[in-house]
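Novice: The structure under discussion is supplied below as structure tokens; questions concerning it will follow.
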Amino acid sequence: MKSSKKRKKQSEKILKTLKVPINKHLPLTENEEEVSLRTKEEIINRIISLAIVSAKAMEAPPEKIEEFIERYNANELFTKEEQQFLKKKHANQNELIQYSWKLECIWLLLWSVNLISDIDVPADTCNAEYVFETVFSLHSKQELLDESTLKPTSDILDSLDFIYRAHWAVREAQINHLEVPSSLDEGVVYERHYTLNWLVNYMDQEWEEISTDT
């Protein structure tokens with residue numbers, strides 16, 4: 001079992017390769033025995049709901065959204081905020097941007113249940129078309145469950161430790177009005193950190209409450 005110290009060293013080595021500033025004083029992240037991952041069904045439920053709200057944000061026709069909700073029996077899967085967004089006939093620009101960014105959360109969640117093989121360094125946004133194709137090519141929640149398997153906790157924690165330290169570098173650049181390292185996209189880093197904290201039940205927070213402390 002990999003220790004938190006070893007995980008920290010591994011993350012710092014990757015960040016150094018990417019020419020990203022490192023804060024040696026950041027605390028260790030949790031060990032495996034301290035973490036209780038979300039269940040596979042919880043993750044699939046979140047993938048479905050996020051895919052549908054992202055599709056609306058990307059201006060999918062209302063009848064298509066209704067079709068997706070029915071196909072995945074998704075009415076009970078949305079947060080209150082997501083339900084409010086779905087009910088709007090004319091969402092504002094900020095809401096469209098906010099929910100289109102959730103594609104990055106889906107990308108991470110698909111990786112966490114082995115529906116995509118790799119998430120790569122958070123330097124660029126994901127391929128939206130590929131995200132939708134991966135989710136919506138499976139025609140029911142049961143198909144998504146059948147095709148998915150949970151990643152080992154160690155792999156999730158490796159990603160969390162890395163993104164936690166990368167997010168510190170992004171915030172440090174933002175606070176000091178410096179350029180964010182070119183190997184990191186600040187939006188992608190934020191959405192991945194948010195999603196990984198949800199995956200590991202950070203502070204027992206639910207989806208709309210997640211904090212991304214650095």
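The values are calculated or read from the model by the stated rules, or taken from the named source; none is laboratory data. These numbers were taken from a predicted model, which means no experiment stands behind them. Counting neighbours? That spans all protein chains shown, and the Cβs are built from the backbone with ideal geometry, glycine included. Protein only, heavy atoms only, side chains kept; ligands, DNA and RNA dropped before computing areas. Shrake-Rupley method; radii C 1.70, N 1.55, O 1.52, S 1.80 Å.
Novice: What share of Cα pairs, in percent, lie more than 12 angstrom apart in region 155-214?
Specialist: Cα-Cα pairs in region 155-214 separated by more than 12 Å: 65 percent.
Novice: With every protein chain kept in place and ligands, DNA and RNA left out, what is the accessible area per residue of the chain? Probe 1.4 Å, answer in Å². All intermediate terms of the calculation are to be shown ahead of the outcome.
Specialist: Values: 11260 Å² over 214 residues.
With all protein chains present, the chain gives 53 Å² per residue.
Novice: I want to make sure I understand the PRE zone here: with the label point 7 angstrom from the Cα of K2 toward its beta carbon, which residues in region 162-182 have backbone N atoms less than 13 Å away?
Specialist: From region 162-182, the list is 162-164.
Novice: So what is the calculated 222 nm ellipticity per residue for the chain, using -39500 (n - 2.57) for each DSSP H run with n of 4 or more, over all residues, to the nearest 500 deg cm²/dmol?
Specialist: -18000 deg cm²/dmol
Novice: Here's a follow-up. Among the listed pairs K13/K102; K56/K89; K40/K64; K64/K141, which have their C-alpha atoms separated by more than 19 angstrom in this model?
Specialist: K13/K102; K40/K64
Novice: Separate question: What is the distance in Å between the Cα centres of region 147-214 and region 56-119?
Specialist: Centre-to-centre (Cα) distance: 20 Å.
Novice: Still on this structure: Give me a comma-separated list of calculated 3J(HN,Hα) values for region 112-121, in order, Karplus coefficients 6.51, -1.76, 1.60 applied at θ = phi - 60°, integers in Hz, x for any Gly or Pro.
Specialist: Working through the residues one at a time gives 5, 10, 6, 8, 10, 8, 8, 10, 6, 5 Hz.
Novice: While we're on this one: Using 10 Å bins from zero, what percent of all Cα-Cα pairs in region 17-140 falls into each bin?
Specialist: 11, 38, 30, 15, 5, 0
Novice: Rounded if a/c is under 1.5, else prolate if a/b beats b/c, else oblate: with a ≥ b ≥ c from the C-alpha gyration tensor eigenvalues square-rooted, which is region 56-95?
Specialist: Cα axes put region 56-95 in the oblate bin.
Novice: Of the accessible area of region 4-58, with the probe set at 1.4 angstrom, what percent is carbon plus sulfur?
Specialist: 53
Novice: Take the alpha carbon gyration tensor of region 1-55, find the square roots of its eigenvalues, order them as a ≥ b ≥ c, and report rounded if a/c is under 1.5; if not, report prolate when a/b exceeds b/c, else oblate.
Specialist: The shape class here is oblate.
Novice: Using unit Cβ charges (K, R positive; D, E negative) and no other charged atoms, how large, in debye to the nearest 20, is the dipole of region 142-214 about its Cα centre?
Specialist: 340
Novice: Would you calculate the convex hull of the Cα atoms in the chain and tell me its volume per residue in Å³?
Specialist: Convex hull of Cα atoms, per residue: 123 Å³.
Novice: Then there's this: What does the charge add up to near P21, with Lys and Arg as +1, Asp and Glu as -1, over the other residues with Cβ less than 10 Å from its Cβ?
Specialist: Working: positive: K16, K19, R165; negative: E172.
Charge balance in the 10 Å sphere: +2.
Novice: OK, next. Would you work out which of W111, L26, N75 lies farthest towards the positive end of the dipole of region 1-158? Charges go on Cβ: Lys and Arg +1, Asp and Glu -1.
Specialist: Selected residue: L26.
Novice: Does region 81-196 come out rounded, prolate or oblate by the C-alpha gyration tensor, with a ≥ b ≥ c the root eigenvalues, rounded set by a/c under 1.5 and, if not, prolate when a/b is larger than b/c and oblate if not? Can you show the working numbers first?
Specialist: Values: a/c = 2.26, a/b = 1.20, b/c = 1.88.
Oblate, since a/c reaches 1.5 and b/c is not below a/b.
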